[in-house]
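Notes follow the structure.
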Amino acid sequence: MFGPVTTVMTFAVDPERSARWWAGLLDAEVHLDVDGESVYAWLTVAGVEIGFHQADDARNPRGGSPIVYRAVTDLDDARRRLLAAGCVHHRGPLTVSEGRRICQIVDPFGTVIGLEGP
């Protein structure tokens with residue numbers, strides 16, 4: 001059901017500043033997606049997106065665990081299977097760009113898991 005890790009998302013008060021700090025260390029280019037006051041910043045390292053999302057106390061407080069996104073061949077099917085197995089809905093599904101959808105679920109042990117796929 002799972003493919004390779006695609007994204008590791010962390011949460012920060014200032015996503016752009018966090019991304020620029022890491023980009024300086026990793027010699028990577030920063031990309032930004034700005035929607036009003038919401039900023040998602042990311043860089044790509046060894047084919048994995050390192051993302052910095054705005055901290056949100058309702059979903060993922062500052063300092064919360066990073067969320068690892070796994071590639072799936074069918075987002076809706078993978079989500080259904082995991083929910084049937086005891087996971088609970090957390091966020092999404094969201095279309096983040098053309099052909100790219102993500103969602104988050106929580107496993108029975110409290111771990112937030114990201115899924116990415118069509």
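Laid out as a table, the results:
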quantity	calculated
Residues of the range 3-29 classified as under 25 Å from Gly117 (Cβ atoms) and surrounded by 11 or more Cβ atoms within 10 Å (Cβ to Cβ), total	11
Flag for His90 being part of a strand (DSSP E or B) and at pLDDT below 90	no
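The values are calculated or read from the model by the stated rules, or taken from the named source; none is laboratory data. Please read these numbers as outputs of a predicted model, since none were measured by experiment. Positions of Cβ are generated from backbone atoms using ideal geometry, with glycine treated the same way; all protein chains shown enter the neighbour counts.
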